[in-house]
1. Across region 1-16, which residue is nearest to Leu60 (Cα to Cα) among those that are among the aliphatic types (A, V, I, L, M) and open to solvent by 30 Å² or more (accessible area, probe 1.4 Å)?
2. What number of residues within region 121-143 are outside any helix (DSSP H, G or I) and either modelled with pLDDT under 85 or of a type outside the set (Val, Ile, Thr) (or both)?
3. So Ala162 ticks every box in (1) open to solvent by less than 40 Å² (accessible area, probe 1.4 Å); (2) at pLDDT below 90; (3) under 27 Å from Leu36 (Cα atoms) but one. Which box is left unticked?
4. For region 108-155: of the residues being of a type in the set (Val, Ile, Thr) and under 18 Å from Leu80 (Cα atoms), which is surrounded by the most Cβ atoms within 10 Å (Cβ to Cβ)?
5. Out of all the residues in region 17-26, which are hydrophobic (A, V, I, L, M, F, W, C), out of contact with any Pro (no Cβ under 6 Å at 6 or more places or on another chain) and either more than 16 Å from Leu68 (Cβ to Cβ) or open to solvent by less than 20 Å² (accessible area, probe 1.4 Å) (or both)?
6. How about region 67-82: which of its residues are part of a helix (DSSP H, G or I) and open to solvent by 50 Å² or more (accessible area, probe 1.4 Å)?
7. Which count do you get for residues in region 24-56 that are in a helix (DSSP H, G or I) and either in contact (Cβ under 8 Å) with a residue 12 or more places away in the chain or touching a strand residue (DSSP E or B) at 6+ places or on another chain (Cβ under 9 Å) (or both)?
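The values are calculated or read from the model by the stated rules, or taken from the named source; none is laboratory data. Please read all numbers here as calculations on a predicted model, not as lab measurements. Don't worry about glycine lacking a Cβ; one is built from the backbone with ideal geometry, like all the others, and counts go over all protein chains shown. The protein model used for the area step is the full one, side chains on, heavy atoms only, and it has no ligands, DNA or RNA in it. Shrake-Rupley method; radii C 1.70, N 1.55, O 1.52, S 1.80 Å.
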Amino acid sequence: MLDPIVGTLISISLGLMLLFAAVHKLSAIGEFRAVLADYRVMPASVVPFVAILLPLNEILLGLAWLFLNVSVWLPTAGLLALYTAGIVVNLLRGRVHISCGCGFGRSTSADEALTWGLVLRNLVLIAAALVTALPGTARTVGNLDYVTLIAGLIAILLLFTAANQLTRNAAAINSWRRPVARDD
């Protein structure tokens, strides 16, 4: 059984994340189109269409999480799984110097590397979306629950930001590590 505050916390968090990601993609649509093309997982002819379709989907899902009392856990998990599959395909190909395209905190075209940390992050987000499919409890929400909700939102924001920064740092450190040639 899902506590109503946990369900609300997940809904608000996923809704805001999807909206921020969509706004970033649409504000730098040319860069996002280039990132999508760089993944090499679809024909080049459909990239411009997909570059518009993905952020529009994120907007619809984000608004649904925030304002509609509808179940959007499955399409959200599907969209995140699609993003994750694109990352995994490129990691397995050895193509790591591609922007993830999510754009949290930097330009989509910034020189960052794909990592398994991004896959893990997306799996956690997919799990969060799936948790909301659980039946809710009939517990009455009290005033203290709203304090818990605000504290939870702040904690999630800080954890998400820290996880993204650690993923970027790890990718940067790995790119700096090169075998040192020795004159033996």
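1. Selected residue: Leu16.
2. 10
3. Condition not satisfied by Ala162: (1).
4. Per the criteria, the residue is Thr108.
5. Those that are hydrophobic (A, V, I, L, M, F, W, C), out of contact with any Pro (no Cβ under 6 Å at 6 or more places or on another chain) and either more than 16 Å from Leu68 (Cβ to Cβ) or open to solvent by less than 20 Å² (accessible area, probe 1.4 Å) (or both): Met17, Leu18, Phe20, Ala21, Val23.
6. Phe67, Trp73, Leu74, Pro75, Leu82
7. 20
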